[in-house]
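Written below as structure tokens is the structure these notes are about.
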Ligand code: GLU
């Protein structure tokens, strides 16, 4: 295992890291962050890079690279997802770990921020290969994760099954009496294996709630509103499901394979059923027309939900976006230039660290459920997520109006101030 330093870092995509640092520095200037605390927060506490071998179904061995970046734990154990994607590298993990620190701080839950994953395209591997890859990576991470230390969760291309393998591997390496105490080493587990009812929908539910809160603030309702969604995975699907249930129309969808549109509305459930028999993709869905990927951004709509990867909204498409509201389901979907253009055009952006925080709030409830040996019910869980997220929405909006800043800056300022306060109270060891 190699603990990566800046000098050792592998060639990487710098976009996400530049984006989050720019957001951080902008907010830090705004609140005149204590310069010593700024130095601490600009870099992650710990960076782990692991090259590990796994036997493939055909008997060959393949070596994979996995990452875990632990950015900050001033407010509690490190928390954040693991993603399986070819774009995963040390800088992506750094950026995503930082976003988790701000997200958990803003959410008001007792966690720090971390992120990681494995650089691979999961569609190229069988289920049993993915299981061995996951288990071997978990084993290699060893005590770098732990229920009171660093708690992974699902992210892009990982799911409850992945979390069940991690929990089982982690617990299996403990002595018998310790095993059952370690269930909360990961969240987002399958219901029936320590998972929380509704954790599957909690991120998408939160995105829908934020859109609803904004719409109510504008004195409007969701009935008849049009939305487009980029990414029809867990977040995109559930956000669309809840919006459609309230009478909104999904008029365009884009995924990694193509884009579709129908101004009359696309049935969310039927599209989801189609993706289940179409290798997970929306491509060629018969009740919508296929459109060019660039045209997707220009579709006529009220809301745009980016729920895929980072840096999707850029200077190239931002001038053409018709939506009045961007609800960031993904982490870091809007780059700096794209954001400037949208704000100048008076498009509201509900920032990722607020908009998609339903996921980690759901994770927090799962962690508490496991820790306390409790069983929570779906209605109660959704109600609790709603209460927390509505309060956070109001907090960010009030701050933005009071200081005359955009919502992202407001969200970052609140998040950073909470961490600054923690450092001021406890001081720096030794
Ligand atoms: N991967 C999700 C996120 O980016 C969830 C993290 C978690 O629940 O720890 O917020």
Subject >> region 92-121, residues that are more than 14 Å from the ligand (Cβ to nearest atom) and surrounded by fewer than 20 Cβ atoms within 10 Å (Cβ to Cβ) >> reply: 108, 119, 121
**OP:** Give the number of residues within region 259-273 that are part of a strand (DSSP E or B) and under 25 Å from the mean Cα position of the chain (by Cα).
**Re:** 2
Subject >> Any hit, region 191-201, residues being closer than 30 Å to residue 283 by Cα, within 16 Å of the ligand (Cβ to nearest atom), out of contact with any helix residue (DSSP H, G or I) (no Cβ under 8 Å at 6 or more places or on another chain) and not in a loop (DSSP other than H, G, I, E, B) >> reply: no
**OP:** Would you kindly identify the strands (runs of 3 or more DSSP E) lying entirely within region 36-85 that contain at least 2 residues that are at pLDDT 95 or above and within 13 Å of the ligand (Cβ to nearest atom)?
**Re:** 61-72, 78-84
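Every residue, every condition in (1) within 15 Å of the ligand (Cβ to nearest atom); (2) part of a helix (DSSP H, G or I), yes or no:
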site	(1), (2)
316	no, no
329	yes, no
360	yes, yes
366	yes, yes
369	yes, yes
390	no, yes
396	no, yes
422	no, yes
**OP:** Please find, among 247, 252, the residue that is assigned to a strand (DSSP E or B) and at pLDDT 95 or above.
**Re:** 252
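Can you spot a residue in region 1-15 that is under 22 Å from the mean Cα position of the chain (by Cα), in a helix (DSSP H, G or I), crowded, with 16+ Cβ neighbours inside 10 Å and modelled with pLDDT under 95? Walk me through how you get there before you give the answer.
If we filter region 1-15 for residues that are under 22 Å from the mean Cα position of the chain (by Cα), which is where we start, we get 12-15.
From what is left, the residues that are in a helix (DSSP H, G or I) are 15.
Retained after the next criterion (residues that are crowded, with 16+ Cβ neighbours inside 10 Å): 15.
With the extra rule that they be modelled with pLDDT under 95, the set shrinks to 15.
Checked against the condition, which is being under 22 Å from the mean Cα position of the chain (by Cα), in a helix (DSSP H, G or I), crowded, with 16+ Cβ neighbours inside 10 Å and modelled with pLDDT under 95, region 1-15 yields at least one hit.
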**OP:** Restricting attention to region 274-292, report how many residues are within 24 Å of the chain's Cα centre (by Cα) and outside any loop (DSSP other than H, G, I, E, B).
**Re:** 2
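Being in contact with a strand residue (DSSP E or B) (Cβ under 7 Å, 6 or more places away or on another chain), surrounded by fewer than 23 Cβ atoms within 10 Å (Cβ to Cβ) and in contact (Cβ under 8 Å) with a residue 12 or more places away in the chain is true for just one of 347, 360. Which residue is that?
Values: 360 fails: surrounded by fewer than 23 Cβ atoms within 10 Å (Cβ to Cβ).
Just a single option satisfies the conditions, and that option is 347.
The values are calculated or read from the model by the stated rules, or taken from the named source; none is laboratory data. Note that the structure is predicted; figures quoted are calculated from it, not measured. FYI the Cβ positions are ideal-geometry reconstructions off the backbone, even for glycines, and counts take in every protein chain you see.
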